Amino acid sequence: MSKTPKIELRGLKKAFGTKQVLNGVDLSVQSGESVVIIGGSGTGKSVMLKSILGLMRPDAGSICIDGRETIGQLGREKEEMLARFGMLFQGAALFDSLPVWENVAFGLIQSGRAKRKYARDIAIETLGKVGLSPDVADLSPSELSGGMQKRVGLARAIATNPDVIFFDEPTTGLDPIMADVINDLIVKCVRELGATALSITHDMASASKIADRIAMLYQGKVIWVGPSDQVYNSGNPYVDQFVHGRAEGPIQMTVRA
């Protein structure tokens, strides 16, 4: 592994009004590694991901990709960085107005890296990598099941051969069997690309399968990081309560009447 992390967060902070969502996040992800961030709703997982993607600007801290600071990047510099990323959004987030193949090839076409005919060929080839046949290419997203939509979303994420892929709750809304199929595809595709992966999820089955390391975010900070096979025996009471889904423990859930 490279000595310089592929992704490095240092002292990342972000508040919305009086609510401090990120409160000094420190995290390093090495090249070729798959790291999964776990944590309950509202702990800052999505805000952290959006900050790395440049969709939100942190109030303080540093986000480096391959040792280069990305906060404040503009124009071509930012576009070049984003072109290296792939993203599987929660719920797949496909464009309803476009056929499947155009959804998969969207990044290739928009960046000018491929003409439409060539982009279609790449899309069909990429659909095959996630287990979908060529006849799916001309369907609309509304004609697909939830599992097929996730596969299309994964195909779109890998179509540009990114060196970093982000996964936002990749198994949300799927039954346990289809979720496991998607997890297997994620592992396979990331390995074949040799990509670095950063995922956020509260699905422990998914986290355990796709991660080399798991980090837990709680109250805006990373409170534990370790190998995925140690997460159920972490020795951390917060992690222990979360991964075993216990109501009793140091994490107190606010329930509104």
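The values are calculated or read from the model by the stated rules, or taken from the named source; none is laboratory data. Please read these numbers as outputs of a predicted model, since none were measured by experiment. Virtual Cβ from ideal backbone geometry, glycine too; neighbours counted across all protein chains shown.
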Working carefully through the options 120, 76, 151, 156, find the one that is assigned to a helix (DSSP H, G or I) and either at pLDDT below 85 or on the phi > 0 side of the Ramachandran plot (or both). 76
Quick check: anything in segment 84-102 in contact with a strand residue (DSSP E or B) (Cβ under 7 Å, 6 or more places away or on another chain) and either among the small types (Gly, Ala, Ser) or farther than 28 Å from residue 201 by Cα (or both)? yes
Hey, can you tell me all the residues within segment 1-31 that are in contact with a helix residue (DSSP H, G or I) (Cβ under 9 Å, 6 or more places away or on another chain) and surrounded by 17 or more Cβ atoms within 10 Å (Cβ to Cβ)? 7, 9, 12, 14, 21, 22, 25, 27
Scan (1) at pLDDT 90 or above; (2) under 19 Å from residue 34 (Cα atoms) for the single condition residue 189 breaks and write down its number. (1)
Only strands (runs of 3 or more DSSP E) wholly contained in segment 181-257 count here; list those with 2 or more residues that are touching a helix residue (DSSP H, G or I) at 6+ places or on another chain (Cβ under 7 Å) and crowded, with 22+ Cβ neighbours inside 10 Å. 196-200, 213-218
So, residue 193, is that one on the phi < 0 side of the Ramachandran plot and in contact with a strand residue (DSSP E or B) (Cβ under 6 Å, 6 or more places away or on another chain) or not? no
